[in-house]
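Here is the structure we will look at.
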């Protein structure tokens, strides 16, 4: 698949029309379809309404709405939408039977060279691939809400997905301004497995009376969550000290043995004397120079983010009330 001249997005709800906005602004003609022509037309109208607000707020370049009106249209049916498409995004309701039915309709109506992706949030891509005869051109491409502005997209191949297929979609999405990341097919993939693990503990804290929901949100935003735009959990652990992490795990394991057990990989690194930044070696840090550079960059980024948060949030949002 080269740069596709036409993309079909099946499912004209918020995610589908957000994906269409991104791809159309990148220069591709997009066709929206839904369960009816009316729903598809409503989706296109919603896209234009969203884009008008985005342009007014300075979130997308001036002239974007006009470009979107030229490049986005709705179709009367799934079959009409995909007939000339070189790439199809299935973005319908998160239900296996519904997705399977739509994927089968898509395959029966496209050319043999058309690449098909599913925007499933958690359903096995392997399971959904059973709806297709040619699985070499099928993969998962999981966008995150709001798709217009969250840069990451998880790419998930099934066993039969060809290297050419995933390479082509990776390149296309990167050129459209996204940050694709390839992950293995597993329930929830990476993003939602982590997100729901956090929510599970957040809900437990509220249910146990440790803190209310506003306080939990405030602590997440202003402590460890404050680091997450710049660093993932392994880099954060390296900077904190892996021996510190193992010590904290001892306390958590004693209190919540059913929920917390120290990962074997953590203990192995500590036993080897690889404690992260303090020793110049850990999960992702490989040298003392790298650790020093990381710390300096961390400090600059945290100060910049603090100033941004202060300048953009009102008093109620800043305090969590």
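What follows draws every value from the coordinates through simple rules; no lab data is involved. Note that the structure is predicted; figures quoted are calculated from it, not measured. Methodologically, a virtual Cβ is constructed for each residue, glycine included, from the backbone with ideal geometry; neighbour enumeration extends over all protein chains shown.
Some points to look at:
- Taking only the alpha carbons of the chain, we obtain Rg and Dmax values of 22.6, 64 Å in that order.
- Nearest-0.05 FRET efficiency for residue 311 and residue 192, computed from C-beta distance (R0 22 Å): 0.10
- The slack in the chain from residue 150 to residue 205, taken as 0.36 nm per residue of separation less the alpha-carbon distance, amounts to 17.0 nm.
- For the pair residue 36 and residue 254, a Förster radius of 45 Å applied to the C-beta separation gives a FRET efficiency near 0.20, rounded to the nearest 0.05.
- Protection proxy ranking for 71-82, 55-66, using the average of other Cβ atoms within 10 Å per residue and placing the highest first: 71-82, 55-66.
- Taking only Cα atoms of segment 88-231, radius of gyration then Dmax in Å: 17.7, 57
- Segment 223-319: equivalent-ellipsoid semi-axes (sqrt of 5 x gyration tensor eigenvalues, Cα, Å): 28, 21, 8
- Crossing angle, helix 288-312 versus the chain [Cα axis fit, 0-90 degrees, rounded to tens]: 70
- Structural size metrics of segment 6-183, computed from C-alpha coordinates, are Rg and Dmax of 14.9, 45 Å.
- Mean Cβ neighbour count within 10 Å, used as a protection proxy, ranking 22-30, 161-169 highest first: 22-30, 161-169
- C-alpha long axis of helix 96-109 to longest principal axis of the chain, angle in °: 40
- Whole-Å distance, taken between Cα centres, linking segment 45-118 and segment 150-205: 19
- The DSSP beta bridges internal to segment 6-183 are antiparallel in roughly 15% of cases.
- Highest average first, the peptides 110-120, 281-291 ordered by how many other beta carbon atoms sit within 10 Å of their residues are 110-120, 281-291.
- In degrees, nearest ten, helix 37-56 long axis to first principal axis of the chain (Cα): 50
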